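Q: Following this message is one structure expressed as structure tokens.
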Amino acid sequence: MIPYGRQYIDEEDIRSVIEILRSDFITQGPKVEEFERALAEYCGATYAVAFNSGTSALYCAYRALGLKEGDSFITTPITFTATVSMGVMLGAKPIFCDVEEDTGNMDVNLLEGLITQNTKLVVPVHYAGHPVNMQKLWEIAQRHNLWVVEDACHALGSSYKGYKTGSCKYSHITVFSFHPVKHITTGEGGAALTNDRDLYEKLLQCRNHGIKKGEDWEYSVEFPSFNFRITDIQCALGLSQLKKLSTFVERRRKVAEFYNSKLSNNPHLDLPVEKPYAFHSYHLFPIRLRDERIRREVFRRLRQSGIFVQVHYIPVYWHPFLNYPKGLCPVAERFYSKEVSLPIYPSIKDEELYYVVEKLEEILSD
């Protein structure tokens, strides 16, 4: 089976974890802060807070910015549910901005028309690893006094106009995921980066039950929260993985280059783009079938051939917890109806790539 994504773990990674298992700290120890410093330095941000998942990081980012019942936030329907559900958990209402036809990213040209007096923040999602047009989005957010949280769970290693995603050049907080299919992994894990000291302290507090420590044994719980802590075991793995991130991204871009070279002339497909302002880190390689009627057959036949493709994503507002009407974001719905994610990850073999292309073209030519 060839999955759409998977982790790359080598002996160096394994040794780094074993070293922690033999140490005095396996939960909250020095490796957590070491990983946070290394991640912040890589991205060009001042602070990083590591969490037990990207979902937890999103929750605490929203909480740190004061999102609450009666507020609304604007995001995209082409994303995993966590982008939206963490805001809903805080009582806020999601407003959905339609996407660009070619990138699947939020269409920033539509953003201003969705802002109301209740809008508190904007959450762009760097779909598949391609950055949103952040400067334009930031300028709109500044005019309307809105917070900006980048959901960059797909986009570690990408850049926008020369700034690494995570630098928070055009946002208040950036969130990453370290799930095994992402660019680096800590098993499960995530992080929130910021350049704001006050937000940094709120993120730390939200990660640890809402606790504010005092002198000696004393502490106070200023708001109820959860245990969102990550462990030294995970952060040791994350540190080892971070050393290989540039190599991982380079390989992903080589895989994308291969697909583009082999499939660019296929009359049945539209392929991912890379805008002039973007450096794409290719968490996904989302193709779009020009005839959406054959999508399910192509999906099933590829899986029957041992190629475990996936679809990203069912528009979030179709899910029962929201159940918004269909037709709300027609471009996003059209994007979803045509999309299939081909395998892309650092350890995929060249012969596997040739097999994927061969099977896909064979199915499309029938």
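Q: Just to be sure, is VAL331 out of contact with any Ser or Thr (no Cβ under 7 Å at 6 or more places or on another chain), within 20 Å of ASP102 (Cβ to Cβ) and open to solvent by less than 80 Å² (accessible area, probe 1.4 Å)?
A: So VAL331 fits the description; yes.
Q: Cβ contacts < 9 Å: first residue closer than 18 Å to SER171 by Cβ and modelled with pLDDT under 95, restricted to segment 36-57; second residue surrounded by 22 or more Cβ atoms within 10 Å (Cβ to Cβ) and hydroxyl-bearing (Ser, Thr, Tyr), any location; separation 6+ or different chain. Result?
A: Close Cβ pairs satisfying both conditions: none exist.
Q: Okay, next question. Would you please list the contacts, defined by Cβ atoms under 8 Å and residues six or more apart or on different chains, that run from a residue in segment 202-229 that is in a strand (DSSP E or B) to a residue that is surrounded by fewer than 11 Cβ atoms within 10 Å (Cβ to Cβ)?
A: ASN208/ASN227; ILE211/SER220; LYS212/SER220; SER220/GLY214
Q: Here's something else I'd like to know. Taking the criterion of being within 19 Å of LYS262 (Cβ to Cβ) and among the basic types (Lys, Arg), would at least one residue in segment 293-315 satisfy it?
A: The answer is yes; a qualifying residue exists.
Q: Please find, within segment 93-106, the residue that is farthest from ILE140 (Cα to Cα) out of those that are open to solvent by 10 Å² or more (accessible area, probe 1.4 Å) and without any contact (Cβ under 8 Å) to a residue 40 or more places away in the chain.
A: Only one residue tops the list, namely LYS93.
Q: Can you tell me which condition PHE176 does not meet? The list is (1) part of a loop (DSSP other than H, G, I, E, B); (2) within 22 Å of TYR8 (Cα to Cα), and all the others hold.
A: (1)
Q: Scan segment 267-318 residue by residue and report those that are touching a residue at least 60 places away in the same chain (Cβ under 8 Å), of a type outside the set (A, V, I, L, M, F, W, C), more than 23 Å from PHE80 (Cβ to Cβ) and surrounded by 15 or more Cβ atoms within 10 Å (Cβ to Cβ).
A: Result: HIS268, TYR277, ARG301.
Q: For segment 180-202, check the following and say yes or no: at least one residue is out of contact with any Phe, Trp or Tyr (no Cβ under 9 Å at 6 or more places or on another chain), on the phi < 0 side of the Ramachandran plot and open to solvent by less than 30 Å² (accessible area, probe 1.4 Å).
A: No, there is no match, as no residue in segment 180-202 is out of contact with any Phe, Trp or Tyr (no Cβ under 9 Å at 6 or more places or on another chain), on the phi < 0 side of the Ramachandran plot and open to solvent by less than 30 Å² (accessible area, probe 1.4 Å).
Q: Related question: Run down PHE248, PHE226 and say which single residue is hydrophobic (A, V, I, L, M, F, W, C), at negative phi and open to solvent by 30 Å² or more (accessible area, probe 1.4 Å).
A: Going through PHE248, PHE226 in turn, the sole match is PHE226.
Q: When segment 127-151 is examined, which residues are found to be under 18 Å from ALA278 (Cβ atoms) and either without any contact (Cβ under 8 Å) to a residue 24 or more places away in the chain or in contact with a helix residue (DSSP H, G or I) (Cβ under 9 Å, 6 or more places away or on another chain) (or both)?
A: GLY129, VAL132, ASN133, MET134, LYS136, LEU137, GLU139, VAL148, GLU150, ASP151 - these are the residues of segment 127-151 that are under 18 Å from ALA278 (Cβ atoms) and either without any contact (Cβ under 8 Å) to a residue 24 or more places away in the chain or in contact with a helix residue (DSSP H, G or I) (Cβ under 9 Å, 6 or more places away or on another chain) (or both).
Q: Oh, and also: Out of curiosity, is ALA92 of a type in the set (A, V, I, L, M) and more than 17 Å from LEU322 (Cβ to Cβ)?
A: no
Q: Now for a different question. Mind telling me which of the residues THR119, THR185 ends up being over 30 Å from PHE308 (Cα atoms) and either in contact with a Lys or Arg (Cβ under 6 Å, 6 or more places away or on another chain) or not small (Gly, Ala, Ser) (or both)?
A: Answer to the selection: THR119.
Q: Quickly run through segment 8-24 and pick out the residues that are under 18 Å from PRO346 (Cα atoms) and either part of a helix (DSSP H, G or I) or open to solvent by 70 Å² or more (accessible area, probe 1.4 Å) (or both).
A: Scanning segment 8-24 gives TYR8, ILE9, GLU11, GLU12, ASP13, ILE14.
Q: Would you mind stating whether THR83 is hydroxyl-bearing (Ser, Thr, Tyr), touching a residue at least 24 places away in the same chain (Cβ under 8 Å), closer than 25 Å to ARG253 by Cα and buried (at least 24 other Cβ atoms within 10 Å of the Cβ)?
A: Taking the combined requirement at face value, the residue does not satisfy it.
Q: Give the number of residues within segment 205-223 that are under 18 Å from LEU90 (Cα atoms) and either basic (Lys, Arg) or open to solvent by 100 Å² or more (accessible area, probe 1.4 Å) (or both).
A: 2
Q: Just checking, which of ALA57, ALA50, ALA38 is open to solvent by less than 70 Å² (accessible area, probe 1.4 Å) and either touching a His at 6+ places or on another chain (Cβ under 9 Å) or not in a helix (DSSP H, G or I) (or both)?
A: Criteria check complete, one pass: ALA50.
Q: Looking at segment 109-163, which of its residues are within 12 Å of HIS280 (Cα to Cα), open to solvent by less than 70 Å² (accessible area, probe 1.4 Å) and not small (Gly, Ala, Ser)?
A: HIS126, TYR127, HIS130, PRO131, VAL132, HIS154, LEU156, TYR160
The values are calculated or read from the model by the stated rules, or taken from the named source; none is laboratory data. Just so we're clear, the structure is a prediction, and the values are computed from it rather than from any experiment. No Cβ is skipped: glycine too gets one built from the backbone with ideal geometry, and neighbour counts run over all protein chains shown. Calculation scope for accessible area: heavy atoms of the full protein, side chains included, ligands and nucleic acids excluded. Shrake-Rupley method; radii C 1.70, N 1.55, O 1.52, S 1.80 Å.
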